[in-house]
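Here's the structure we're looking at; comments come further down.
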Amino acid sequence: MDRLLITGGRQLSGSVEISGAKNAALPLMASTILCKGNTVLRNIPDLKDIKTMAEVLANMGAGIDFNNGVLAVNATSLVNKEAPYELVKTMRASVLTLGPMVARFGRAKVSLPGGCAIGARPINLHLMGLEKMGAKITLSQGYVVAKAKRLKGARIFCDISTVTGTENLMMAAALAKGTTVIENAAREPEVEDLANALNLMGAKVTGVGSSFIEIEGVEELQPIDYQVIPDRIETGTFISIAGITASNILIKNCRTEHITAIVEKLRETGITITEEKDGLRVVGPPRGKLQPADVKTLPFPGFPTDMQAQFIALTSVATGTSIVKETIFENRYMHVAELRRMGANIEIEDNIATVRGVERLFGAPVMATDLRASASLVVAALAAEGETLIDRIYHLDRGYEKIEDKISKLGGDIRRVGA
Ligand code: EPZ
């Protein structure tokens, strides 16, 4: 099992290119199910989750060709309308195949995602919406089976704004008969990216980026050639890395309109972030000069939960106390125990983390527990004194493309070592 060996303390410099967004690529890959013909998606990151979604589609009978960031999916004839447990259990985003499959074929069988380290993550809102659109949903042997002669437009209110729930229902509604309204829809840039792609396919989605999305169903959608947006969470992760190592780096290919909450909050800690013509110039304050800041995770446009772990790592060496409130997931502090092993002083009570800044962190053997927790360990290790060995970095490989190459190129002392 691969591990990452990091020796902290180096100041970084140079530039880093942000990859395509995993959480935009996954729903876009699922949307290829809606069209006959060959859909081309560009700027697709080479990640484990992407390979898994490609496997799910290939298992259905789609033709897949993926190289150099360009993914072609031919979903003309999908002989198998099923997303099997052995694939779904490794990547819950497979549930995104449910809506498009019911919409195009009138039936789908997708394994329930099962538990997840960061929380229960039910899909009740996905299923509620499909039922409102006329799908008959049954659960059997851990699978969701959905059937509908043809989905019909409906008015759907999501009492919690759900990213993949909104995406699933938007894709289902695109081919339904009549108009669907999704109220309290998620507004994340990845949802907007999917809506823009659906409209390019010939769908009629309005209200994109607002919490009130209207989809007028059409008879057929056409395959497209589409470029995926850059990853706003990877961008925030690299801003945190520059901040904690007192570095001056240029971050390329990022979309500043997607990271307002991240930029504003990280500026509060003393990191200077300025737009230059070919990217974001990020300069961390001198060591020992990071300021504490309080943050609450919220749906977009609020501060994203996917940046909470990296923020805690950053402020663990601030000159004061930061209060972090995680409002999206019920168990998303597993990185804290590992950061404590590095000398961080963090207390958790319910969903609130009190981060008392310490002068420095110390390298230690630590273990990744989930995708963003592993990112926070990388952030911490790059500033810690001495060596940190991060185990189970398959979590990291799910969401960060070539992270050790990117950090090495910036001058970081990081390398992948085998078991
Ligand atoms: C997406 O997950 C992202 N994944 C997550 O990123 C991200 O953390 C999350 O949105 C929140 O921004 C992808 O886009 C593939 P939700 P998703 O449905 O859609 C509850 C990462 O690190 N809920 O918006 O699964 C749910 O339990 C991953 O890249 C229901 O109760 O998240 C949670 O508390 C981790 N019922 C809240 O809503 C439902 O039917 C938000 O979840 C659906 C969700």
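If you take all other residues with their beta carbon under 11 Å from the beta carbon of GLU188, and give Lys and Arg +1 and Asp and Glu -1, the sum is -3. Listed by chain and number, the lysines whose alpha-carbon sits under 29 Å from that of LYS152, ignoring those within fewer than 8 places in the same chain, are LYS36, LYS81, LYS109, LYS132, LYS136, LYS177, LYS204. For LYS177, nonlocal amide neighbours, meaning residues 5 or more places apart or on other chains whose placed amide H falls under 5 Å from its own, are LEU151, LYS152, GLY153. For GLN227, nonlocal amide neighbours, meaning residues 5 or more places apart or on other chains whose placed amide H falls under 5 Å from its own, are ARG42. Among THR138, THR180, THR319, the largest mean-square fluctuation in a Gaussian network model of the chain, built with springs joining Cα atoms closer than 10 Å, belongs to THR138. Note on LYS51: lysines with a C-alpha under 16 Å away, same-chain residues under 8 apart excluded, are LYS22, LYS89, LYS402.
Remark: the range 22-227 carries a charge dipole of roughly 720 debye about the Cα centre, counting +1 on each Lys and Arg Cβ and -1 on each Asp and Glu Cβ. Taking a ≥ b ≥ c as the square roots of the eigenvalues of the alpha carbon gyration tensor, the range 1-122 is oblate, as a/c is not under 1.5 and a/b does not beat b/c.
The Cα atoms of the range 22-227 give a gyration tensor whose axes a ≥ b ≥ c have a/c under 1.5, which makes the shape rounded.
Counting helices only, and only those DSSP H runs with n ≥ 4, report the 222 nm mean residue ellipticity of the chain as the sum of -39,500 (n - 2.57) divided by its residues, in deg cm²/dmol to the nearest 500. Mind dumping the intermediate values first?
Details: 14 runs with 131 residues, N = 419.
Rounded to the nearest 500, it is -9000 deg cm²/dmol.
Normalised by the number of residues in the range 206-299, the average gap of Cα pairs under 8 Å and 6 or more apart makes the relative contact order 26 percent. Bridges between two residues of the chain, per DSSP, are antiparallel at a rate of about 75%. For the chain, averaging the sequence separation of C-alpha pairs within contact (under 8 Å, six or more residues apart) and dividing by the residue count gives a relative contact order of 21 percent.
For the range 150-160, putting each phi into the Karplus relation 6.51 cos²θ - 1.76 cosθ + 1.60 with θ = phi - 60° gives couplings of 8, 4, 10, x, 8, 9, 10, 10, 8, 5, 10 Hz, in residue order, rounded to whole numbers and with x for Gly and Pro.
Around the amide H of THR319, modelled in the peptide plane, lie the amide H atoms of LEU290, GLN291, all under 5 Å away and 5 or more residues distant in sequence or on another chain. Picking from ILE233, ILE407, ILE241, which is most flexible by a Gaussian network model of the chain using Cα springs under 10 Å? Looking only at ILE233, ILE407, ILE241, the largest GNM fluctuation is found for ILE407.
Comparing LYS48, LYS325, LYS277 in a Gaussian network model of the chain, where Cα atoms under 10 Å apart are tied by springs, the biggest mean-square fluctuation is seen for LYS277. Assuming charge only on the beta carbon of Lys and Arg (+1) and of Asp and Glu (-1), the dipole of the range 201-348 about its Cα centre is about 880 debye to the nearest 20.
Computed about the Cα centre, the dipole magnitude for the chain is approximately 680 debye when only Lys and Arg (+1) and Asp and Glu (-1) carry charge, each at its Cβ. Remark: the range 397-405, residue by residue, has Karplus-estimated 3J(HN,Hα) of 5, 5, x, 10, 7, 6, 5, 6, 5 Hz, where x stands for each Gly or Pro and the curve is 6.51 cos²θ - 1.76 cosθ + 1.60 at θ = phi - 60°. Computed over the range 22-227, relative contact order equals 21 percent, with contacts defined as Cα pairs under 8 Å that lie 6+ residues apart.
Values in this text are rule-based calculations from the coordinates and carry no lab data. None of these values were measured; they are calculated from a predicted model. Don't worry about glycine lacking a Cβ; one is built from the backbone with ideal geometry, like all the others, and counts go over all protein chains shown.
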